[in-house]
Amino acid sequence: MGKGRLEAFSDGVIAIIITIMVLEMKVPHGSQWADLAALGPVFLSYVLSFVYVGIYWNNHHHMLHAVKQVNGGILWANMHLLFWLSLMPFSTGWMGENHFAELPVAVYAFDLMMCALAYILLQARIIKAHGKDSALAHAVGRDYKGKVSMAAYVVSVPIALLGYAWFAGALLIAVALIWFIPDRRIEKVLQH
């Protein structure tokens, strides 16, 4: 099977996720700066999630450039990733509305951890379908950045639950920052 429908469907779902997140930000019921400032935590959680969804879209886009064909396993692995990404509006809204309280931050970190796990599984499914000598397998290599990210997500959940939501949030921001610059490994492999 070709990959066109998988790409189109994924792009559509990701666009809807971003739209839902922005629609969750309610317009303030006042015209003063203080009314707008009250939305600060909601806006900050939206910005962080927008960046994360953008990172996933960007890396998904690059990964699919290395794909020649898809199979049922790849389709289901992609749906698994989209499932966890589709929970971002909920976890984002809950965290922002509750001013980065411990449990909402832990749930947000858990969602990010599951998104990362789903992405890794999709990547593994694609490599299995295309072989260990495929362009994607060579591009991924040992994936230190992915391993560091997963470790940060895993650690962030209990840290937030232990009352250090600010530290867990800082870890999540750090992970977003290391992925903010697009991963060029796939582009480099495909150029050769």
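Heads up, I need the accessible area for Leu23: 1.4 angstrom probe, whole protein in place, Å², nearest 10.
Rounded to the nearest 10, the figure is 110 Å².
For Lys145, which aspartates and glutamates qualify as cross-link partners when the Cα separation must be under 14 Å and same-chain residues fewer than eight apart are set aside?
Result set, ordered by chain and number: Asp183.
Please work out the ratio of the alpha-carbon Rg of region 125-192 to 2.2 N^0.38 Å and round it to two decimals.
On the way: Rg = 15.6 Å, N = 68, 2.2 N^0.38 = 10.9 Å.
Region 125-192 yields a ratio of 1.43.
Just to be sure I understand: with springs between alpha-carbon atoms less than 10 Å apart, which residue in Met114, Met25, Met150 has the highest mean-square fluctuation in the Gaussian network model of the chain?
Answer for the Gaussian network model of the chain: Met25.
Assuming 1.567 mPa s and 4 °C, estimate D for region 1-114 with Stokes-Einstein, Rh taken as the Kirkwood radius over Cα pairs, in µm²/s.
Using the Kirkwood radius from Cα pairs, D works out to 84 µm²/s.
Taking all protein chains in place and a 1.4 Å probe, what share, in percent, of the accessible surface of region 1-156 do carbon and sulfur account for?
69 percent
Anyone know which of Ile126, Ile18, Ile178 comes out most mobile in the 10 Å Cα GNM of the chain?
Comparing Ile126, Ile18, Ile178 in the GNM, the peak value goes to Ile178.
Show which lysines lie in cross-link reach of Lys68 when reach means a straight Cα distance below 16 angstrom and same-chain residues fewer than eight apart are skipped.
Result set, ordered by chain and number: Lys3, Lys128, Lys132.
Percent relative contact order of the chain, based on C-alpha pairs within less than 8 angstrom and at least six residues apart? Walk me through the numbers on the way to the answer.
Details: 212 pairs, mean separation 50.2, N = 192.
Computed over the chain, the figure is 26 percent.
Could you pull out every whole DSSP H run in the chain that spans at least 15 Å of Cα extent along its own axis and averages 1.0 or higher on the Kyte-Doolittle scale?
4-23, 72-86, 102-130, 144-161, 165-180
Could you pull the Cα extents of the chain along its three principal axes, largest to smallest, in whole Å?
Over the chain, Cα extents along the principal axes are 57, 33, 27 Å.
Regarding region 76-147, what are the three Cα extents along the principal axes, ordered largest first, in Å?
Projected onto its principal axes, the Cα set of region 76-147 covers 47, 25, 12 Å.
Answer with one residue from Met88, Gly2, Ile178: the one whose Cα lies farthest towards the positive end of the charge dipole of the chain, charges on Cβ with Lys, Arg +1 and Asp, Glu -1.
My answer, from the dipole projection, is Gly2.
So, for region 47-152, what is the accessible surface per residue at a probe of 1.4 Å, expressed in square angstrom? Mind showing how you got there, number by number?
Working: 4870 Å² over 106 residues.
Result: 46 Å² of accessible area for each residue.
The values are calculated or read from the model by the stated rules, or taken from the named source; none is laboratory data. This is a predicted model, so every value here is computed, not measured. Note that we place each Cβ from the backbone using ideal geometry, even for glycine, and neighbour counts take in every protein chain shown. Protein only, heavy atoms only, side chains kept; ligands, DNA and RNA dropped before computing areas. Shrake-Rupley method; radii C 1.70, N 1.55, O 1.52, S 1.80 Å.
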